[in-house]
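The values are calculated or read from the model by the stated rules, or taken from the named source; none is laboratory data. None of the values given here were measured: they were computed from a predicted structure. Neighbour counts run over all protein chains shown; Cβ positions are idealised from the backbone, glycine included.
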Amino acid sequence: MDGLVEELFRLEGLKLKALTLVDAPAYDATVREQLHLLAPTCVGKGDRAEPAGTGAASVEHLLALSQLMRLNMRLLQNLLSTTVGTGSGYTADGHISDPPAHSRVVVEA
């Protein structure tokens with residue numbers, strides 16, 4: 001289980017980097033990699049399962065992973081809330097749409 005936690009920690013670090021750089025394709029790729037990593041574990045196939053008591057992740061690693069995941073969620077929520085109305089987003093097939101060629105801000109007094 002330590003290997004799985006370490007890999008999730010690495011991927012969360014990549015997500016943090018993508019969020020701070022506002023790099024949507026990198027964030028998207030990391031999320032897909034994370035989903036692929038967790039898919040066998042979530043459906044209960046024994047690919048990554050280890051016998052009880054062997055390789056148990058330390059509480060500190062799990063706590064650090066949890067904190068990093070919360071930070072990434074908050075950063076993503078903040079990013080999404082500040083970019084509403086920019087014209088970019090996800091298309092019906094799950095890809096990121098291109099922003100409009102020109103953007104204009106109108107301010108009324």
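Yes/no per residue for (1) loosely packed, with under 10 Cβ neighbours inside 10 Å; (2) modelled with pLDDT of 85 or more; (3) under 17 Å from residue 16 (Cβ atoms); (4) of a type in the set (Phe, Trp, Tyr):
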| residue | (1), (2), (3), (4) |
| --- | --- |
| 40 | no, no, no, no |
| 43 | yes, no, no, no |
| 46 | yes, no, no, no |
| 56 | no, no, no, no |
| 84 | yes, no, no, no |
| 90 | no, no, no, yes |
| 96 | no, no, no, no |
Can you list residue pairs whose Cβ atoms sit under 6 Å apart, with the first residue in segment 1-19 being more than 23 Å from residue 80 (Cα to Cα) and the second being of a type in the set (Lys, Arg)? Count only pairs 6 or more apart in sequence or on different chains.
4/48
Going by the structure shown, is residue 5 modelled with pLDDT of 90 or more and of a type in the set (A, V, I, L, M, F, W, C)?
no
